[in-house]
1. Could you look through region 163-197, keep only residues that are out of contact with any Phe, Trp or Tyr (no Cβ under 9 Å at 6 or more places or on another chain) and basic (Lys, Arg), and pick out the one that is most open to solvent (accessible area, probe 1.4 Å)?
2. Would you pick out the residues in region 5-39 that are open to solvent by 20 Å² or more (accessible area, probe 1.4 Å) and among the hydroxyl-bearing types (Ser, Thr, Tyr)?
3. Taking Lys48, is it surrounded by fewer than 15 Cβ atoms within 10 Å (Cβ to Cβ), at pLDDT 90 or above and out of contact with any strand residue (DSSP E or B) (no Cβ under 7 Å at 6 or more places or on another chain)?
4. Which one is surrounded by the most Cβ atoms within 10 Å (Cβ to Cβ), of the residues in region 138-162 that are in contact with a helix residue (DSSP H, G or I) (Cβ under 6 Å, 6 or more places away or on another chain) and under 18 Å from Glu79 (Cα atoms)?
5. Of the conditions (1) open to solvent by 50 Å² or more (accessible area, probe 1.4 Å); (2) touching a strand residue (DSSP E or B) at 6+ places or on another chain (Cβ under 9 Å), Phe61 satisfies every one except a single condition; which number is it?
6. Among (1) within 19 Å of Thr187 (Cβ to Cβ); (2) touching a strand residue (DSSP E or B) at 6+ places or on another chain (Cβ under 9 Å), where does Lys127 come up short?
7. Which ones in region 67-78 are open to solvent by 30 Å² or more (accessible area, probe 1.4 Å), assigned to a helix (DSSP H, G or I) and closer than 11 Å to His107 by Cα?
8. Looking at region 1-59, which of its residues are small (Gly, Ala, Ser), within 24 Å of Ser105 (Cα to Cα) and free of Cβ contacts under 8 Å to residues at least 40 places away in the same chain?
Amino acid sequence: MDGTFNICFRLHGSLPVSKIRELQATRKKQLQALKTISAELTPEIVQKIKFEITNEYCGKFNQLLDNPATGPVYLKQKEIARIVQEGLQYWDGRRFRLICFCIMSNHVHLMLDSCEDQLFIILKSIKTFTARAANKVLDRTGQSFWQKESYDNLVRNPHELAVKARYILNNPVNAGLVNHWKDWDFTYLNPDFHWIL
């Protein structure tokens with residue numbers, strides 16, 4: 001499957017449903033307001049505004065994840081984070097090329113390309129493998145580990161790739177956890193992509 005993908009997936013129950021609905025409602029209102037005036041705007045401007053609305057939504061969503069007040073934070077445990085790290089790196093070069101990732105306390109950001117399968121199949125494999133292994137360590141059975149849905153979007157150009165990859169790598173810095181992304185145990189940047197820094 002061609003393309004470079006920016007992906008975020010999170011632990012099951014990591015965000016309160018009420019907060020998610022509130023964010024979705026705000027985004028929906030903004031998109032509806034745009035629809036009412038879109039005939040007066042050029043398609044390029046409409047697309048730019050949609051992009052800004054989506055970025056605002058994702059930013060607020062990520063702020064909630066970066067500062068967890070509720071929900072599980074299993075990925076804070078190094079043994080669990082290492083399972084996810086190894087799961088991502090296992091498939092690198094086999095089913096996709098890993099560009100970068102960051103494992104936070106309750107969610108994972110990653111970017112990949114050169115996918116050998118459809119993205120949902122790759123994510124299902126990663127999530128299934130890591131959930132089984134993590135639940136075994138946590139001595140949990142019959143409980144969901146990952147939230148079913150993931151957020152993903154197609155990266156359209158090298159500039160966007162650089163911006164999103166820097167965001168991923170600096171997630172622990174922006175959350176106030178470390179001073180430099182390299183200080184975080186669970187960030188990775190493919191050496192072929194050091195040009196983004």
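1. Across region 163-197, the extreme among qualifying residues is Lys182.
2. Ser18, Thr26, Thr36, Ser38
3. Values: surrounded by fewer than 15 Cβ atoms within 10 Å (Cβ to Cβ): yes; at pLDDT 90 or above: no; out of contact with any strand residue (DSSP E or B) (no Cβ under 7 Å at 6 or more places or on another chain): yes.
It is false that Lys48 is surrounded by fewer than 15 Cβ atoms within 10 Å (Cβ to Cβ), at pLDDT 90 or above and out of contact with any strand residue (DSSP E or B) (no Cβ under 7 Å at 6 or more places or on another chain).
4. For region 138-162, the residue satisfying everything is Trp146.
5. (1)
6. Evaluating Lys127 over (1) within 19 Å of Thr187 (Cβ to Cβ); (2) touching a strand residue (DSSP E or B) at 6+ places or on another chain (Cβ under 9 Å) leaves (1) as the failure.
7. Tyr74, Lys76
8. Keep residues of region 1-59 that are small (Gly, Ala, Ser), which gives 3, 13-14, 18, 25, 33, 38-39, 59.
Pick out the ones that are also within 24 Å of Ser105 (Cα to Cα) and you get 13-14, 18, 59.
Of everything in region 1-59, those that are small (Gly, Ala, Ser), within 24 Å of Ser105 (Cα to Cα) and free of Cβ contacts under 8 Å to residues at least 40 places away in the same chain turn out to be Ser18, Gly59.
The values are calculated or read from the model by the stated rules, or taken from the named source; none is laboratory data. All figures in this text were calculated on a predicted structure; none of them were measured in a lab. Every residue, glycine as well, gets a Cβ built from its backbone with ideal geometry; the counts of neighbours run over all protein chains shown. For accessibility, only protein heavy atoms count, side chains too; no ligands or nucleic acids. Shrake-Rupley method; radii C 1.70, N 1.55, O 1.52, S 1.80 Å.
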